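Visitor: After the structure tokens below, expect a handful of questions from me.
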Amino acid sequence: MHTSFVPHVLKSCKGKSLLTLTNLSPEEITNLLDLAYQLKKSTNNDEEFKPLIGKTLAMIFDKPSTRTRVSFEVGMMQLGGHVLNLNRQDIQLGRGESIEDTAKVLARYIDAILIRTFDHESVEILAQTTTVPVINGLTDPYHPCQALADLLTLQEEKGHLTGLKVAYIGDGNNVLHSLMHGAAATGIHLTISTPKGYEPDPTVWNEAETLATTTGATLTFHNNPLIAVEDADAVYTDVWASMGQEEEKEKRLHDFAGFQVTQTMMNKAKDDAIFLHCLPAYRDLEVSAEVLDGPQSVVFNQAENRLHTQKALLIALLADV
Ligand code: CP
Ligand code: NVA
């Protein structure tokens, strides 16, 4: 890996925050995916390539995480940087210090902040108040880092993004919203099927539709998931009850009947269709164990790609190349 590949990505992304995928232009997303692929193909422990020496990322987690926490920490380490893991309870934020004061103080010590929390507004306030890039590691409405990994996985598995047909079956949640932004930015035909009352946010739909007019992407909605998956290159699902919705679990079990991704459903997609899930997954709820653990599933490659796309993102936002 050589720094010579990096600058064209960096020029426009340096110093930006990633609160939703709309913070990046379609060209920046494409460049980030290219860089992520180059990083994936270069040796994991490339001793020569340490563009983040001296940089520190602070990570604030208000919800649990395996992939986001570990891949950001390992990614920073592989690029020569450092990570501080901050749980709200362990810092003064947990005792009522304002998000604004926390943001201003952290910026005096560190180079970027990653936050996983509930409401998106507090992440917007954080980004407006601090002087360093803020990365959204998942909020109730968005999961942009996940969408970058989803796009890399589709590109890797299918060879291209433009013109692919992706079907999303399940809850109109953070993962879907960011996938909608990502698909619209890269020319993907996204078909969505959710139960009534669980449709994606109309604001996100409008944003994605506007973006789609510039890339040739399309967005379609079907009430019937078996129609939505017809002829798809990839079928994507996520949990029925996201973090913070635990008390709705029973109601959602009932409401999502018929929305489990089964082998019968997969058989309606293309013969070489792949199965995607951001993980963690609940076998035999949103997806049958047969599909999740079957030959069409690429979920662990998708999880691995969190590392590569986030390394690309960190370089783009932070490196002094
Ligand atoms: N997909 C994802 O964000 O996983 P974690 O919750 O483990 O970070
Ligand atoms: N929609 C899920 C994604 C977990 C990575 C949640 O918010 O819990």
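The values are calculated or read from the model by the stated rules, or taken from the named source; none is laboratory data. Computed from a prediction, not measured in an experiment: that's the story for all the values here. Glycine also receives a Cβ, built like all others from the backbone with ideal geometry; neighbour counts cover every protein chain displayed. Just so you know, the surface numbers come from the protein's heavy atoms only, side chains and all, with ligands and any DNA or RNA stripped out. Shrake-Rupley method; radii C 1.70, N 1.55, O 1.52, S 1.80 Å.
Visitor: Which members of region 140-175 meet the condition of being within 15 Å of ligand 1 (Cβ to nearest atom) and in contact with an Asp or Glu (Cβ under 7 Å, 6 or more places away or on another chain)?
Guide: Hits for region 140-175 are Asp140, Pro141, Gly170, Asp171, Asn173, Asn174, Val175.
Visitor: Would you check if there is a residue in region 181-197 being under 26 Å from His120 (Cα atoms), within 16 Å of ligand 1 (Cβ to nearest atom) and open to solvent by 10 Å² or more (accessible area, probe 1.4 Å)?
Guide: no
Visitor: Sticking with this one: Mind checking which residues of region 234-246 are open to solvent by less than 10 Å² (accessible area, probe 1.4 Å) and either within 16 Å of ligand 1 (Cβ to nearest atom) or without any contact (Cβ under 8 Å) to a residue 12 or more places away in the chain (or both)?
Guide: Hits for region 234-246 are Tyr236, Thr237, Asp238.
Visitor: For region 86-116, give me each residue that is at pLDDT 95 or above and within 23 Å of the chain's Cα centre (by Cα).
Guide: Asp111, Ala112, Ile113, Leu114, Ile115, Arg116 - these are the residues of region 86-116 that are at pLDDT 95 or above and within 23 Å of the chain's Cα centre (by Cα).
Visitor: Quick check: is even one residue across region 210-233 at pLDDT 95 or above, within 16 Å of ligand 2 (Cβ to nearest atom) and buried (at least 22 other Cβ atoms within 10 Å of the Cβ)?
Guide: No, because not a single residue in region 210-233 is at pLDDT 95 or above, within 16 Å of ligand 2 (Cβ to nearest atom) and buried (at least 22 other Cβ atoms within 10 Å of the Cβ).
Visitor: Considering only residues of region 59-77 that are out of contact with any Asp or Glu (no Cβ under 9 Å at 6 or more places or on another chain) and among the small types (Gly, Ala, Ser), which is farthest from ligand 2 (Cβ to nearest atom)?
Guide: Gly75
Visitor: Something else now. Determine which single condition Pro51 fails, assuming it passes every other condition in (1) more than 16 Å from ligand 2 (Cβ to nearest atom); (2) free of Cβ contacts under 8 Å to residues at least 40 places away in the same chain.
Guide: Tallying (1) more than 16 Å from ligand 2 (Cβ to nearest atom); (2) free of Cβ contacts under 8 Å to residues at least 40 places away in the same chain, Pro51 fails exactly one: (2).
Visitor: Further question on the same structure: Any residue at all in region 247-258 that's surrounded by 15 or more Cβ atoms within 10 Å (Cβ to Cβ) and within 16 Å of ligand 1 (Cβ to nearest atom)?
Guide: No, because not a single residue in region 247-258 is surrounded by 15 or more Cβ atoms within 10 Å (Cβ to Cβ) and within 16 Å of ligand 1 (Cβ to nearest atom).
Visitor: Hey, Pro295 hits all of (1) touching a residue at least 60 places away in the same chain (Cβ under 8 Å); (2) under 30 Å from Ser42 (Cβ atoms); (3) outside any helix (DSSP H, G or I); (4) of a type outside the set (Gly, Ala, Ser) but one; which does it fall short on?
Guide: (1)
Visitor: How do the pairs read when you match residues in region 60-76 that are more than 14 Å from Leu138 (Cβ to Cβ) and open to solvent by less than 60 Å² (accessible area, probe 1.4 Å) with residues anywhere that are more than 12 Å from ligand 1 (Cβ to nearest atom) and hydroxyl-bearing (Ser, Thr, Tyr), using Cβ under 9 Å and keeping only pairs 6 or more apart or on different chains?
Guide: Taking only residues 6 or more apart or on different chains, the pairs are Met76/Thr56.
Visitor: If you check every pair at least six apart or on different chains, which have Cβ atoms under 9 Å apart with a residue in region 116-134 that is within 20 Å of Asn85 (Cα to Cα) first and a residue that is of a type in the set (Asp, Glu) and in a helix (DSSP H, G or I) second?
Guide: Leu126/Glu100; Thr130/Glu100; Val134/Glu124
Visitor: Could you run through region 271-292 and say how many residues are open to solvent by 20 Å² or more (accessible area, probe 1.4 Å), part of a loop (DSSP other than H, G, I, E, B) and without any contact (Cβ under 8 Å) to a residue 60 or more places away in the chain?
Guide: 6
Visitor: Quick test for you: out of Thr139, Thr153, Thr102, pick the one residue that is in a loop (DSSP other than H, G, I, E, B) and in contact with a helix residue (DSSP H, G or I) (Cβ under 6 Å, 6 or more places away or on another chain).
Guide: Thr139
Visitor: Among the numbered criteria (1) more than 16 Å from ligand 1 (Cβ to nearest atom); (2) assigned to a helix (DSSP H, G or I); (3) in contact (Cβ under 8 Å) with a residue 60 or more places away in the chain, which single criterion is violated by Thr264?
Guide: For Thr264, the failing item is (3).
Visitor: Within region 159-170, which residues are buried (at least 17 other Cβ atoms within 10 Å of the Cβ) and not β-branched (Val, Ile, Thr)?
Guide: Within region 159-170, Leu161, Leu164, Lys165, Ala167, Tyr168, Gly170 meet the criteria.
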